[in-house]
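Participant: Supplied in structure tokens, the structure appears directly below.
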Amino acid sequence: MAELLKLDKVTRAFSDGTQQVMALSNVSFSVSEGETLAIVGPSGSGKSTLLSILGLLDRGYKGTYTISDTNAAALDNQQLAHLRNREIGWVFQNFNLISHLSVLHNVVLPMRYNREIDKRAYHQRALAVLDSVGLKDKLDAKPSQLSGGQQQRVAIARALANQPSLVLADEPTGNLDSKTGNMISELLMSLAQAGTTVIIVTHDDKVAAKCDTQIRLKDGTIAHGE
Ligand SMILES: Nc1ncnc2c1ncn2[C@@H]1O[C@H](COP(=O)(O)OP(=O)(O)O)[C@@H](O)[C@H]1O
Ligand SMILES: [Mg+2]
């Protein structure tokens, strides 16, 4: 499969005024289209920092991040926003659904920022992705009326609304019981069969083991051979 993204010697330092924290140092790896990658490691090891860079939310790093043959550092804010909207879907531990919007409208939301989609196609497309996660009978429900597993499935449908090439998930099963978490991780794995690249930060070894590749972070570097 073709390469989707590549990090070359990426380093991210944070300063609190007096001290520098090296959240990531010299991190290099590449990920193919349709690959599933787990990022594991203890709290504070740099997982979320890494995900922010991969998701084009953080530009304060040194080194090179290439996504879809584009050097991310060469993009202006508008180009970054465009790439984030079209190519990247996010799934969070706390689902992050908009509480006052229905299931259907939560999934439509990312399409409203995508001028390539005709307004008249919003509902049809939202229905199709909600059907693919098994929730087409919950269109009018509000997030609070759903179980955690159902809310996470809405979040996955929302992440897929613009047919991204990359889905980033930060502890997607962290707030779910093990049976539901298993269903959610299987659903995320199934996206890769359609060619979507899936990167999951997880503390759950069972989730990590399902992925094609695992990267273990330790103090901001990739730990090998453990
Ligand atoms: N915005 C920030 N400002 C200062 N330090 C930060 C910031 N974000 C992360 N860090 C520090 O970088 C290190 C890695 O954090 P993080 O990526 O959140 O780790 P993880 O997600 O693995 O728990 C930690 O020492 C954290 O305190
Ligand atoms: Mg984190």
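The values are calculated or read from the model by the stated rules, or taken from the named source; none is laboratory data. What you are looking at is a predicted structure, and each value in this text was computed from that prediction instead of being measured. Here Cβ is always computed from backbone atoms with ideal geometry, including for glycine, and neighbour counts include all displayed protein chains.
Participant: Name, by its number, the condition in (1) of a type outside the set (A, V, I, L, M, F, W, C); (2) free of Cβ contacts under 8 Å to residues at least 60 places away in the same chain; (3) surrounded by 21 or more Cβ atoms within 10 Å (Cβ to Cβ) that does not hold for residue 152.
Facilitator: With respect to (1) of a type outside the set (A, V, I, L, M, F, W, C); (2) free of Cβ contacts under 8 Å to residues at least 60 places away in the same chain; (3) surrounded by 21 or more Cβ atoms within 10 Å (Cβ to Cβ), residue 152 is out only on (2).
Participant: Also, I was wondering about something else. All but one of (1) surrounded by 15 or more Cβ atoms within 10 Å (Cβ to Cβ); (2) within 14 Å of the chain's Cα centre (by Cα); (3) over 19 Å from residue 224 (Cα atoms) hold for residue 61; state the number of the condition that does not hold.
Facilitator: So the condition that residue 61 fails would be (2).
Participant: Take the residues in segment 45-82 that are over 27 Å from residue 190 (Cα atoms) and in contact with an Asp or Glu (Cβ under 8 Å, 6 or more places away or on another chain); name whichever of them is nearest to ligand 1 (Cβ to nearest atom).
Facilitator: Among them, the one singled out is 45.
Participant: Within segment 56-83, can you find the residues that are over 17 Å from residue 114 (Cβ atoms) and touching a residue at least 60 places away in the same chain (Cβ under 8 Å)?
Facilitator: Result: 65, 66, 67.
Participant: OK, next. Select the helices (runs of 4 or more DSSP H) contained entirely in segment 120-215, then report the ones holding at least 1 residues which are away from ligand 1 (no atom under 16 Å from the Cβ), modelled with pLDDT under 95 and under 24 Å from residue 29 (Cβ atoms).
Facilitator: Answer list for segment 120-215: 178-193, 205-210.
Participant: Does segment 192-221 hold any residues that are more than 16 Å from ligand 2 (Cβ to nearest atom) and of a type in the set (A, V, I, L, M, F, W, C), and which are they?
Facilitator: Those that are more than 16 Å from ligand 2 (Cβ to nearest atom) and of a type in the set (A, V, I, L, M, F, W, C): 192, 194, 198, 209, 211.
Participant: Then there is this: (1) within 23 Å of residue 169 (Cβ to Cβ); (2) touching a strand residue (DSSP E or B) at 6+ places or on another chain (Cβ under 9 Å); (3) not hydroxyl-bearing (Ser, Thr, Tyr): which one isn't true of residue 112, the others all being true?
Facilitator: Only one criterion in (1) within 23 Å of residue 169 (Cβ to Cβ); (2) touching a strand residue (DSSP E or B) at 6+ places or on another chain (Cβ under 9 Å); (3) not hydroxyl-bearing (Ser, Thr, Tyr) is unmet by residue 112, namely (2).
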